[in-house]
Every structure is written in structure tokens, then in C-alpha cells.
Amino acid sequence: MNTRVPLYQKIQQYILELIRSNGLQPGERIPTEKELMEQFNVSKITVVKALSTLADEQIIDRVPGKGSFVGKRKQVEPTSIKDESPLPKPATSGVQASKLIGLVIPSILDYFAIRLINGVKNTLAMQGYRVMILLSDGDIEKEKEALKTLQSIGAEGIVIFPVDEEHYNEELLSMKFSGYPFVLMDRFLPGVETDYIAADGKLGAKLAVDYLWELGHRQIAICSDSPIQTLTVQERIEGYVNALKMKGAMINPAHIITDFHIESLREAENHPLLRYMRNKMATAYITLNGRLGVQMYQLAKQAGLKVPEDLSIISFDEPTSVVDDFSIFTHIKQFEYEIGSQAAATMLDLIHQGRRERDRSYSKILLNPELVHGQTTGKPPEQP
């Protein structure tokens with residue numbers, strides 16, 4: 001064989017020749033994935049790509065848990081297999097949506113979202129998939145509408161950064177029970193088995209507390225502009241509380257500040273958080289997202305305080321730079337690109353394997369975050 005022929009195409013040519021030379025009829029079994037992996041000394045993903053293309057052309061039928069069999073359209077020449085895999089499959093709506101994956105995300109207003117999107121997009125593009133992005137704007141009804149829209153146009157699956165609400169999105173539950181492939185990023189649904197990938201929020205909060213404690217801070221506040229009932233807030237606060245307990249510190253409920261909004265810095269003079277900072281209730285603040293970290297930095301300046309001389313700030317996510325080497329904030333790096341990339345890889349696995357059984361196992365991936373030192377943390381000011 002021509003060594004420049006991609007390995008997956010060699011496997012396709014071998015199967016076509018096997019069907020033709022052995023006179024295999026529709027319904028007869030062809031070699032298993034494991035046998036093909038051993039015969040061609042290739043990875044599983046290469047074999048899956050080869051078989052997926054043949055299945056899309058109806059040359060073979062793939063039956064989850066049983067194997068692959070000769071399909072209805074067995075009389076096909078090897079040259080009919082294109083350089084690029086699967087032929088488009090018409091969606092029910094009439095839109096050509098083959099090799100289309102949906103991505104539902106609250107917004108694209110920060111670098112956290114941009115890195116997630118790039119991770120998803122680049123990983124899918126390597127396998128010839130396109131991405132359609134719909135924004136939920138943090139509204140659960142818009143999220144439901146986006147999910148329905150993507151299903152209606154024939155998206156093969158959906159990667160979802162779900163709205164952080166205390167109530168489930170019923171559309172997600174419906175998709176789960178119908179077997180429609182989807183993967184969650186950044187958070188999961190407690191008590192509901194789904195595929196998801198996220199950074200370990202508890203560990204992230206512990207890293208922040210440990211670092212501030214080493215600098216000498218003892219009055220450490222944690223701040224979120226989301227309700228405390230939301231999952232990601234609960235996890236990070238739990239990590240914060242546990243880290244302080246391990247140091248024998250008392251937990252001050254006044255240092256757990258949640259469910260507030262800073263509409264405008266011009267109106268911030270009467271904001272309770274500004275008074276809290278000005279009264280130096282805490283010497284260090286952990287913010288649960290990058291946008292809030294910037295707002296806290298601006299509030300401190302408005303209160304006549306310097307960062308990090310008068311107070312320190314650690315944010316989850318780097319809010320000020322898309323290039324890691326130019327980070328300004330001390331922050332908890334959650335590896336957003338990797339989250340997006342692994343979510344996309346999991347989605348491809350679901351599609352290629354056809355894993356839609358209700359009793360199948362689900363992938364649950366937690367990445368370990370890292371603390372990145374920046375310019376917003378320092379030792380606490382000396383007490384008079």
C-alpha cells in the first residue's frame with residue numbers, strides 16, 4: 001500500500017476488500033475494533049474514524065456492544081471513500097447539519113469563555129466538525145430554547161456550559177432520558193448522571209486560602225455575586241471553609257459575601273461592600289470569578305485603598321489578559337482551554353461509540369487548578 005495513505009483509509013480499504021473478496025452479505029460480522037487495532041498497530045480513535053466513515057456510507061452497520069456488520073450498501077469501490085470522513089446526513093429540518101456540534105454558553109464577554117470556546121472548537125475542527133455557538137445570557141429559559149434549536153437543526157451533540165441555577169433545566173433531563181449526546185463543562189447536575197468536565201473548585205479555594213495564610217493574612221473573605229445555593233459557589237465556599245478549619249481558624253460568617261451586585265462604580269459609594277472594605281473588615285479577598293475580581297480592585301481604589309499594600313485579591317480565572325505570561329491578577333488557573341478540549345473529545349467519543357444506553361458509565365473529569373502569582377497579593381498591612 002502507498003505509505004502516504006492515512007492509516008484510517010488503509011483500514012477502510014482493507015474492510016472493503018474483505019467484504020468483496022469473501023463475498024460477505026449484509027448482516028455478516030466484520031473484524032472487531034480490537035482485532036483491527038492489533039492488525040494495523042493503531043489507536044482506537046483511528047479505528048473508530050475508519051468505521052464511522054463506512055457506517056455513514058451504510059457500507060457497515062455499527063451496533064453498540066455487539067460489533068460491526070456488513071451494511072445494506074456493500075457494493076462500494078475503495079475509491080468512493082473520500083479523503084475526508086463521513087458524508088453529510090440530512091437533518092430532519094432540511095438543514096445539512098452533519099458534523100455539526102452545538103455549543104451553549106452564557107456569554108463570550110471574558111477570556112474564560114474565549115479559552116473554553118477555543119478548546120472546544122479546535123479539538124472538533126481536527127476531526128472535521130463545525131461548531132454552532134448559541135448564548136444563553138445566563139437565563140435558563142434562553143438555555144432551554146438554545147438546546148431545542150440545536151436539536152431541531154440536526155446537531156449531532158451539544159457541549160453545554162450550563163446556567164448556574166439552583167433548579168435543573170428540564171430540557172437537560174429530557175435530553176438525558178432520550179439518549180441525546182451532550183457534555184457539561186464547568187459544572188454538573190447533583191444526583192443526575194451526566195458526562196462532565198470541570199476544574200476542582202474545592203481545591204482551587206484551598207489553594208487561595210493556603211497562599212494568603214502563608215503571606216500572613218488571617219481575615220480572609222470570599223466573595224461571589226451569585227447566590228450561595230448555586231453549585232459552583234457552594235463547592236468553592238466548602239473548600240474555603242475546610243481550608244480554614246484545617247488551620248484551626250474560626251469561621252466568620254461575615255467573611256462569606258454572596259448574592260450581591262455592583263451595577264455601577266459611580267453608585268458604589270453607598271454599596272455595603274465598599275464600606276466593608278473601607279472599614280478593613282478583611283485584609284484579603286477571594287473572588288469567585290474574574291469579572292468580580294476587577295470590580296473589587298476598582299472598589300478598593302474608590303475606597304482609597306491600594307492593592308496589594310492595603311488589601312490582597314485573588315480571583316478565580318485571570319480577568320485581565322488572554323496571554324498567560326502577562327497576567328496581572330494573582331488567580332486560580334482552571335485550564336479553561338483544556339476543559340473545552342476534553343469536553344469536545346468526550347463528545348466525539350459519544351458520537352463515534354454511539355453510547356446512548358441509559359445504564360452506561362459516564363465520564364466525570366476534574367482538573368486540578370493551579371495558583372498563579374500576580375501583582376494583586378502581598379503581606380497584610382501592619383496593625384497599628
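The values are calculated or read from the model by the stated rules, or taken from the named source; none is laboratory data. Note that the structure is a prediction, hence the values are computed from the model and not measured. Backbone-built Cβ (ideal geometry, glycine too); neighbour counts: all protein chains shown. What goes into the accessible areas is simple: the full protein's heavy atoms, side chains included, and nothing from ligands, DNA or RNA. Shrake-Rupley method; radii C 1.70, N 1.55, O 1.52, S 1.80 Å.
Taking the condition surrounded by 21 or more Cβ atoms within 10 Å (Cβ to Cβ), among the small types (Gly, Ala, Ser) and without any contact (Cβ under 8 Å) to a residue 40 or more places away in the chain, does GLY239 pass? Show your work before the answer.
Values: surrounded by 21 or more Cβ atoms within 10 Å (Cβ to Cβ): yes; among the small types (Gly, Ala, Ser): yes; without any contact (Cβ under 8 Å) to a residue 40 or more places away in the chain: yes.
The answer is yes for GLY239.
On the basis of being closer than 25 Å to LYS333 by Cα and outside any loop (DSSP other than H, G, I, E, B), does ALA146 make the cut? Criteria not met by ALA146.
Which residues, counting only those in segment 258-280, are of a type outside the set (S, T, N, Q), touching a helix residue (DSSP H, G or I) at 6+ places or on another chain (Cβ under 7 Å) and under 24 Å from ARG218 (Cα atoms)? Please lay out each step first, then the result.
Narrowing segment 258-280 to residues of a type outside the set (S, T, N, Q): 259-263, 265-269, 271-278, 280.
After this cut, where a residue has to be touching a helix residue (DSSP H, G or I) at 6+ places or on another chain (Cβ under 7 Å) as well, the list is 260, 262, 265, 268, 273-274, 277.
Result: PHE260, LEU273, LEU274, MET277.
A search for C-beta distances below 7 Å between a residue of segment 145-160 that is farther than 21 Å from THR346 by Cα and any residue that is open to solvent by 10 Å² or more (accessible area, probe 1.4 Å) and part of a loop (DSSP other than H, G, I, E, B), counting only pairs 6+ apart in sequence or on different chains, returns SER152/SER93; ILE153/ALA91; ILE153/SER93; ILE153/VAL95.
Restricted to segment 213-236, and to residues there that are over 30 Å from LEU172 (Cβ atoms) and charged (D, E, K, R), the residue that is least open to solvent (accessible area, probe 1.4 Å) is ARG218.
When you go through GLN342, GLN302, GLN334 one by one, which is the residue that is in contact (Cβ under 8 Å) with a residue 40 or more places away in the chain, among the polar types (S, T, N, Q) and open to solvent by 40 Å² or more (accessible area, probe 1.4 Å)?
Numbers: GLN302 fails: in contact (Cβ under 8 Å) with a residue 40 or more places away in the chain; GLN334 fails: open to solvent by 40 Å² or more (accessible area, probe 1.4 Å).
None of the other options fit; the residue is GLN342.
May I ask you to verify whether VAL307 is at pLDDT 90 or above and in contact with a helix residue (DSSP H, G or I) (Cβ under 7 Å, 6 or more places away or on another chain)? Don't jump to the end; show me each part of the working.
Numbers: at pLDDT 90 or above: yes; in contact with a helix residue (DSSP H, G or I) (Cβ under 7 Å, 6 or more places away or on another chain): yes.
In short, yes.
Can you spot a residue in segment 22-40 that is under 25 Å from LYS99 (Cα atoms), of a type outside the set (S, T, N, Q), open to solvent by 50 Å² or more (accessible area, probe 1.4 Å) and outside any helix (DSSP H, G or I)? No, segment 22-40 contains no residue that is under 25 Å from LYS99 (Cα atoms), of a type outside the set (S, T, N, Q), open to solvent by 50 Å² or more (accessible area, probe 1.4 Å) and outside any helix (DSSP H, G or I). Quick check: is even one residue across segment 191-212 of a type in the set (A, V, I, L, M), open to solvent by 20 Å² or more (accessible area, probe 1.4 Å), in a loop (DSSP other than H, G, I, E, B) and in contact (Cβ under 8 Å) with a residue 24 or more places away in the chain? Scanning segment 191-212, I find at least one residue that is of a type in the set (A, V, I, L, M), open to solvent by 20 Å² or more (accessible area, probe 1.4 Å), in a loop (DSSP other than H, G, I, E, B) and in contact (Cβ under 8 Å) with a residue 24 or more places away in the chain, so the answer is yes.
Could you tell me which of the residues ILE30, ILE45 is touching a strand residue (DSSP E or B) at 6+ places or on another chain (Cβ under 9 Å) and within 29 Å of LEU124 (Cβ to Cβ)? Full working, then the answer.
Values: ILE45 fails: touching a strand residue (DSSP E or B) at 6+ places or on another chain (Cβ under 9 Å).
Only one candidate qualifies: ILE30.
Evaluate segment 152-167: report whether one residue or more is out of contact with any Lys or Arg (no Cβ under 8 Å at 6 or more places or on another chain), acidic (Asp, Glu) and either surrounded by fewer than 21 Cβ atoms within 10 Å (Cβ to Cβ) or within 18 Å of GLU338 (Cβ to Cβ) (or both). Yes, segment 152-167 contains at least one residue that is out of contact with any Lys or Arg (no Cβ under 8 Å at 6 or more places or on another chain), acidic (Asp, Glu) and either surrounded by fewer than 21 Cβ atoms within 10 Å (Cβ to Cβ) or within 18 Å of GLU338 (Cβ to Cβ) (or both). Of the residues in segment 170-181, none is open to solvent by 20 Å² or more (accessible area, probe 1.4 Å), part of a loop (DSSP other than H, G, I, E, B) and either in contact with a helix residue (DSSP H, G or I) (Cβ under 6 Å, 6 or more places away or on another chain) or of a type in the set (Gly, Ala, Ser) (or both). Here is a check on your reading of the model: is ALA268 closer than 25 Å to ARG187 by Cα and not hydroxyl-bearing (Ser, Thr, Tyr)? Here the answer is no, as ALA268 does not meet what is asked. When the residues of segment 71-124 are filtered to those that are among the basic types (Lys, Arg) and in contact with a helix residue (DSSP H, G or I) (Cβ under 9 Å, 6 or more places away or on another chain), the one that is modelled with the lowest pLDDT is LYS89.
Can GLU57 be described as free of Cβ contacts under 8 Å to residues at least 12 places away in the same chain and surrounded by fewer than 21 Cβ atoms within 10 Å (Cβ to Cβ)? Taking the combined requirement at face value, the residue does not satisfy it.
Screening GLU145 with (1) under 21 Å from SER341 (Cα atoms); (2) surrounded by fewer than 19 Cβ atoms within 10 Å (Cβ to Cβ) gives one miss only, at (1).
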